[in-house]
Amino acid sequence: FTVPLAHITNGQRFREVFSFNGVAITPSTFNTMVDYVMKWVEQLQREQQFRKSHLQFGWTESHESFVLGRDEYTISGEILDNPPSTSTANYMSMFEPKGTFEGWREAMKFLAQPGLEVQQYVVCAAFGSILMEFIDNVPGAGLHLYSTGTGHGKSTALFAGNSVWGDYKSLTLQAEDTMASTLHRGQVLKNLPLFVDEITNKDPKALSDFVLQVTRGNERNRMQGSVNKERERGSPWSLLSVTTGNVSLVQQVGQYKRSARAEAARFLEINAGKVHFASKKVTDEFNSLLASNYGHAGPVFIRRMMEDREFCKHIVLKVQQAMDNALKLTAQQ
């Protein structure tokens with residue numbers, strides 16, 4: 001956990017921060033503990049070169065590097081240590097890999113069959129999210145999967161997608177998470193995918209705000225509560241979001257406003273069909289493999305991109321242009 005230096009030199013604050021994080025300090029050892037921490041701070045300041053502590057994951061300025069968990073991948077091929085910041089400290093453990101890359105690939109083979117195209121698309125969206133940074137004037141886009149009842153593989157799709165980057169269950173937001181916390185997560189992830197499971201019971205107005213803010217790439221402007229001053233809006237983001245629910249997102253938003261055209265233009269919708277695995281044994285084997293192997297594919301993808309970022313940008317824009325031409329899209333679409 002991170003502790004501001006000002007709290008270390010303040011006895012009461014020191015006790016509060018360390019106690020809050022589970023470090024018990026008795027009165028007889030308090031001065032020794034403070035002295036111990038301060039000496040370490042002084043030694044680290046003497047021996048280690050200053051490094052920027054990033055407030056977001058994803059691409060850094062000018063795409064010189066990519067921040068993922070405790071690592072920062074550079075264009076030179078070097079992997080630097082990414083120290084936790086006040087914004088990222090709580091998320092570091094989510095990106096710790098587990099198992100092997102080969103084990104993850106075996107899990108993905110279960111999805112490589114006809115009828116699971118939706119799940120395949122979501123896994124590809126997990127990779128594609130970090131490519132949104134290369135598309136000008138499109139900071140975000142989304143996909144909503146909906147169906148009545150269970151057994152349609154919606155949650156499975158989100159878990160499989162987030163397994164690209166880390167602990168898929170921790171990375172996937174749930175129904176009980178507030179929209180404010182979801183948007184904050186998007187800001188911290190910056191370019192990594194933002195997946196939210198089961199938004200069916202969300203307030204229609206909150207859903208409308210969520211869609212517009214996610215695809216706009218920043219949080220709404222707000223005033224501070226105690227003074228006549230604007231709050232810090234936070235850094236922008238550029239990513240892909242996938243949500244799931246039991247009903248259409250556009251229909252939900254339609255309960256709040258007469259026309260949901262703005263939301264429909266920003267989020268695609270797919271009515272997910274039933275998923276049919278060969279047997280429960282096959283399903284259990286897939287779940288077991290996924291739970292034991294995750295967080296390996298993302299770093300492989302990043303390292304490959306770092307070998308030639310300009311070529312990757314070229315491919316992204318080329319595909320975008322090809323799709324625009326094939327679908328005869330206009331500026332309004």
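The values are calculated or read from the model by the stated rules, or taken from the named source; none is laboratory data. Computed from a predicted model, the values in this text were never measured in an experiment. We place every Cβ from the backbone using ideal geometry, glycine too, and count neighbours over all the protein chains shown. Heavy atoms of the whole protein, side chains included, go into the accessibility calculation; ligands, DNA and RNA do not. Shrake-Rupley method; radii C 1.70, N 1.55, O 1.52, S 1.80 Å.
Report in % the part of the accessible area of segment 114-183 that belongs to carbon and sulfur, leaving out ligands and nucleic acids; probe 1.4 Å.
Carbon with sulfur: 57 percent of the solvent-accessible area.
Using a 1.4 angstrom probe with every protein chain in place, what is the largest-first accessible-area order of D81, D308? Display every interim value, and only then the final one.
Working: D81 100, D308 70 Å².
Highest to lowest solvent-accessible surface, that is D81, D308.
Which whole-number value in Å² is the accessible area per residue of segment 243-314, probe 1.4 Å?
Details: 4240 Å² over 72 residues.
I get 59 Å² per residue for segment 243-314.
Length gain on complete extension for the stretch E176 to T32, per 0.36 nm per residue less the alpha carbon to alpha carbon distance?
Values: separation 144, 0.36 × 144 = 51.84 nm, distance 4.30 nm.
In short, 47.5 nm is gained.
With all protein chains present, how much of the accessible area of segment 21-84 (probe radius 1.4 Å) comes from carbon and sulfur, to the nearest whole percent?
Percent of accessible area from carbon and sulfur atoms in segment 21-84: 53.
Comparing Q251, Q119, Q48, which has the greatest mean-square fluctuation in the GNM of the chain with Cα pairs linked when under 10 Å apart?
Looking only at Q251, Q119, Q48, the biggest GNM fluctuation is shown by Q48.
Could you identify which residue out of G245, G149, G166 has the top mean-square fluctuation in a GNM of the chain using Cα springs shorter than 10 Å?
Ranking G245, G149, G166 by mean-square fluctuation puts G149 first.
If you add up the charges near A125, with Lys and Arg at +1 and Asp and Glu at -1, over every other residue whose beta carbon is less than 15 angstrom from its beta carbon, what do you get?
Values: positive: K154, R266; negative: E117, E133, D197, E269.
Local charge sum for A125: -2.
Kindly flag which residue pairs out of K202/K318; K205/K318; K169/K280 have an alpha-carbon separation exceeding 26 Å in this structure.
Working: K202/K318 37 Å; K205/K318 36 Å; K169/K280 21 Å.
Pairs exceeding the cut-off: K202/K318; K205/K318.
Considering only protein heavy atoms, what is the solvent-accessible area of S155 at a probe of 1.4 Å, reported in Å² to the nearest 10?
Per-residue accessible area (S155): approximately 40 Å².
Just subtract the alpha-carbon distance of M323 and T86 from 0.36 nm times their residue separation and send over the number in nm, one decimal. Provide the component values of the computation, followed by the final result.
Values: separation 237, 0.36 × 237 = 85.32 nm, distance 4.05 nm.
Residue separation times 0.36 nm, minus the Cα-Cα distance, leaves 81.3 nm.
Would you please classify the overall shape of segment 238-313 from the alpha carbon gyration tensor, given that a ≥ b ≥ c denote the square roots of the eigenvalues, rounded means a/c under 1.5, and beyond that prolate means a/b larger than b/c while oblate covers the rest? Walk me through the numbers before you get to the answer.
On the way: a/c = 3.33, a/b = 1.22, b/c = 2.73.
Since a/c reaches 1.5 but b/c is at least a/b, the shape of segment 238-313 is classed as oblate.
Reachable aspartates and glutamates from K154, Cα under 16 Å, same-chain residues fewer than 8 places away excluded?
Answer for K154, where 16 Å is the Cα cut-off: E117, D197, E198, E269, listed by chain and number.
Which GluC sites (Glu not before Pro) in segment 54-159 sit in a loop by DSSP (not H, G, I, E or B) and have at most 10 other Cβ atoms within 10 Å of their own Cβ? Kindly include the intermediate steps, with their values, before the conclusion.
Working: sites: E61, E64, E72, E78, E102, E106, E117, E133; in loops: E64, E78.
Here the sparse-neighbourhood loop sites are E78.
Could you tell me the distance between the Cα centroids of segment 96-161 and segment 268-320, to the nearest Å?
5
Quick one: helix 11-20 against the long Cα principal axis of the chain, what's the angle to the nearest 10°, folded into 0 to 90?
For helix 11-20, the angle is close to 40 degrees.
How large is ³J(HN,Hα) for each residue in segment 163-173, as worked out from phi by the Karplus curve 6.51 cos²θ - 1.76 cosθ + 1.60 (θ = phi - 60°), to whole Hz, x for Gly and Pro?
So the Karplus estimates, Gly and Pro as x, are 5, 4, 9, x, 5, 4, 6, 6, 6, 8, 6 Hz.
With springs only between Cα atoms under 10 Å, which of A291, A322, A262 fluctuates most in a Gaussian network model of the chain?
Most flexible of the set in this elastic network: A322.
Of the chain, which part is the longest with no trypsin sites (Lys or Arg not before Pro) in a loop (DSSP not H, G, I, E, B) and with at most 14 other C-beta atoms within 10 angstrom?
Numbers: sites that count: R51, K52, R220, R222, K229, R231, R233, K257, R258, K274, K328.
With trypsin sites (Lys or Arg not before Pro) excluded where exposed in loops, the chain gives 53-219 as its longest stretch.
Report the accessible area of H276, computed with a 1.4 Å probe over the heavy atoms of all protein chains in place, in Å² rounded to the nearest 10.
Here the residue's solvent-accessible area equals roughly 140 Å².
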